[in-house]
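Nothing in this text is a laboratory measurement; each read-out follows from the coordinates by a stated rule. This structure is a prediction, so every number in the text was calculated from the model and none was measured. Ideal geometry is used to build each Cβ from the backbone, glycine not excepted, and the neighbour counts take in all protein chains shown.
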Amino acid sequence: MTETYISKVNVDLWKQEVTLEWTGSNAASQKKGPFHCTPGAGISGVNCDNVATSQKANTDCTPKGEFPVLWHDRKFSKYPEAEWVTRFQEASRGIALHYYPRVPEFPSSHGCVRIKSLEAAKLIYDNTKAGKSIVKVYGELRPNFNNTLRRGAKNEDVKKMQRQLSNKGYTLTIDGDFGPGTEAKVKQFQSDKRLVSDGICGSQTYGALFA
């Protein structure tokens, strides 16, 4: 029998999900997820969707790409609520996967991948191998649900909101411009979900849109 361990930890930034790939004799019977997580939000003015930018220090971005697991810590000494810590990317950045008690539906960390399930974080901690296991981070970040969007807005969060409406089956132009057409589709979505149909995308509408 060959040793069974996690060969790859996949972090989907758009879905905010962690899934696991296993290798070894008992790989088929292991838990694979998905497990809910939240990635780094990035500091103001930084585009964490850019791969090169996401890998830089002092950005608060979760680095995109494939990185080996470096080592494991039981807790962060500075933030003891962060438990079952699996370090990856560069040691100097302090990037890791770990359990955290607060994991919202939008990017909110300082670069780490915060995992909602204590069991899942411990599973990764116990079954990844330094120098063997890989962490793969990919996809686009969700918009910040605290940034209310309304008619007249023009930015990347609008484009992401439009894309998610399209993913939900609403036909509209994905151009980052919150015009009358987008407003109408937001109102239609809100009505379909029995929300206040005001055409404004706030925390409740975001929550329903990304549920």
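Amide H to amide H, which residues 5 or more places from V103 or on other chains are under 5 Å from it, using H placed in the peptide plane?
Amide H neighbours of V103: none.
Could you list which residues have their amide H under 5 Å from that of G40, counting only those 5 or more apart in sequence or on another chain, with H placed in the peptide plane?
Under 5 Å from the amide H of G40 lie the amide H atoms of T62, S109, G111, each far enough along the sequence or on another chain.
Only sites in a loop by DSSP and with at most 15 other Cβ atoms within 10 Å count here; which GluC sites (Glu not before Pro) in the range 9-116 make the cut?
Details: sites: E17, E21, E66, E81, E83, E90, E105; in loops: E81, E90, E105.
Those that pass, being in a loop and sparsely packed, are E81, E90.
At 37 °C and 0.692 mPa s, grab the translational diffusion coefficient of the range 29-144 from Stokes-Einstein with a Kirkwood Rh over Cα pairs, rounded to a whole number in µm² per second.
Details: Rh = 14.1 Å.
The calculation lands on 233 µm²/s.
Determine, for each peptide in 122-132, 147-157, the mean count of other beta carbons within 10 angstrom over its residues, then list the peptides with the highest first.
Going by the mean number of other Cβ atoms within 10 Å, highest first, we get 122-132, 147-157.
Taking N as the number of residues in the chain, what is its alpha-carbon radius of gyration divided by 2.2 N^0.38 Å? Each step should come with its number before you reach the end.
Values: Rg = 18.7 Å, N = 211, 2.2 N^0.38 = 16.8 Å.
Normalised Rg, Cα atoms only: 1.11.
Give me the distance between the Cα centres of the range 121-176 and the range 24-101, rounded to whole Å.
If we compute the Cα centre of each part, the gap is 16 Å.
Towards the positive end of the charge dipole of the range 126-211, with charges on Cβ (+1 Lys, Arg; -1 Asp, Glu), say which of Q164, V196, P180 has the farthest Cα.
The Cα lying farthest towards the positive end belongs to Q164.
Which of the peptides 106-115, 24-33 is most tightly packed, and how do the rest follow, going by the mean number of other Cβ atoms within 10 Å of each residue? It would help to have the intermediate numbers written out before the result.
Values: 106-115: 22.7, 24-33: 13.3.
Most protected by this proxy first, the peptides run 106-115, 24-33.
Taking the mean number of other Cβ atoms within 10 Å as a proxy for protection, how do you rank 39-52, 176-189 from highest to lowest? Walk me through the numbers on the way to the answer.
Working: 39-52: 16.4, 176-189: 18.1.
Answer by packing, highest mean first, reads 176-189, 39-52.
Compute all pairwise cysteine Cβ distances in the chain, then list the cysteines with no distance under 4.7 Å to another cysteine.
Unpaired cysteines in the chain: C37, C112, C201.
Kindly state, to the nearest 0.05, the FRET efficiency for N58 paired with N147, given R0 = 25 Å and r defined as their beta-carbon distance. Before the final figure, lay out the partial values.
Numbers: r = 22 Å, r/R0 = 0.89.
Once rounded, the FRET efficiency stands at 0.65.
If I take every Cα pair under 8 Å that is 6 or more residues apart in the range 43-144, average their sequence separation and divide by the length, what percent do I get for the relative contact order?
Values: 193 pairs, mean separation 29.0, N = 102.
So the answer I get is 28 percent.
If you plug each phi of the range 143-157 into the Karplus form 6.51 cos²θ - 1.76 cosθ + 1.60 with θ = phi - 60°, what whole-Hz ³J(HN,Hα) values come out, in order, with x for Gly and Pro?
x, 7, 5, 7, 8, 5, 10, 8, 3, x, 6, 9, 6, 5, 5
Given a cut-off of under 8 Å on Cα pairs at least six residues apart, what relative contact order in percent is computed for the range 69-211? Let's see the in-between values first.
Working: 228 pairs, mean separation 24.2, N = 143.
Relative CO of the range 69-211 lands at 17 percent.
Work out, in µm²/s and without decimals, the Stokes-Einstein translational diffusion coefficient of the range 83-193 at 4 °C, 1.567 mPa s, Rh from Kirkwood over C-alpha pairs. Walk me through the numbers before you get to the answer.
Details: Rh = 16.5 Å.
It diffuses with D of about 78 µm²/s by this estimate.
With viscosity set to 1.306 mPa s at 10 °C, what whole-number translational diffusion coefficient in µm²/s follows for the range 155-202 from Stokes-Einstein and a Kirkwood radius over Cα pairs? Walk me through the numbers on the way to the answer.
Numbers: Rh = 10.5 Å.
Calculated translational D: 152 µm²/s.
Hey, what angle do you get for helix 180-192 against the long axis of the chain, alpha-carbon based, 0 to 90 degrees rounded to 10?
70 degrees
Once the Cα gyration tensor of the range 98-138 is diagonalised, what are the square roots of 5 times its eigenvalues, in whole Å and ordered largest first, as equivalent ellipsoid semi-axes?
Values: eigenvalues 80, 37, 10 Å².
Ellipsoid half-lengths, sorted descending, are 20, 14, 7 Å.
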